[in-house]
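Just so you know, all these numbers are worked out from the coordinates, no wet-lab data involved. Just so it is clear, the model here is predicted, and its values are computed rather than measured. FYI the Cβ positions are ideal-geometry reconstructions off the backbone, even for glycines, and counts take in every protein chain you see.
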Ligand SMILES: C[S@@+](CC[C@H](N)C(=O)[O-])C[C@H]1O[C@@H](n2cnc3c(N)ncnc32)[C@H](O)[C@@H]1O
């Protein structure tokens, strides 16, 4: 029997309420890292994996970024992002579904943003799909992963108790392991830094560039 993904039982209000709590403060951190990446790499097109309700979309500079793809597993999150940003962001394409599914396709972009996304998917499959189907040669992948903490549980306790179910599917991703797998997929690590959210949790931000000759060859 296929287990239902626990994300599908979490209302967006709960997720966003949790992420904005002062003791969590991860929505602001993710939006800031996204904005910094857009300003640094000036991509003409961007895809946001696990975009939820469009956190950070209000910071997309339409002068430089002309096409935006947002993908999330949860159809209600995507609907809300559409209500918020349809008509406000030129070239916006919002897709509901598993970002790694073969039938979820869009024209390749110049920057893929994966903010607290790799924790919830098969990392090797995700990197391979990003390389083969999502990024154009020479494009950037910017990833944010959560670092282990001796003090705070992986999902910070909060009044939004439904988020507790995510602990069953969330797996911390080691930045070194991510960098190794990324290298296997023709990505070079060009920037690596730690950021601390207002709530005190630490996160690793890694910027990778895909080889400019693109996917070398089909891998198994
Ligand atoms: C921790 S949240 C990160 C959200 C967002 N980046 C932000 O700034 O708030 C992870 C998101 O990934 C989505 N997600 C989980 N697995 C997914 C998958 N296989 N494909 C697409 N989205 C997925 C969840 O629904 C959730 O919205």
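Largest first, the three principal axis extents of the alpha carbons in the range 32-117 are 29, 25, 23 Å in whole numbers. Each 5 Å bin, from zero up to the one with the longest distance, holds this percent of the alpha carbon pairs of the range 6-210: 1, 7, 16, 21, 22, 18, 11, 3, 0. Given labels modelled 7 Å from the Cα in the Cβ direction, how far is it in nm from residue 193 to residue 4? In this crude label model, residue 193 to residue 4 measures out at 4.1 nm.
Only helices enter this figure: runs of n ≥ 4 DSSP H residues, each worth -39500 (n - 2.57), summed and divided by the residues of the chain, yield -7000 deg cm²/dmol at 222 nm to the nearest 500. Most tightly packed first, judged by the mean number of other beta-carbon atoms within 10 Å of their residues, the peptides 141-154, 37-50 read 37-50, 141-154. Counting only DSSP beta bridges with both residues in the chain, the antiparallel share comes to about 45 percent.
When only alpha carbons are used to place a centre, the range 1-15 and the range 17-70 end up 22 Å from one another.
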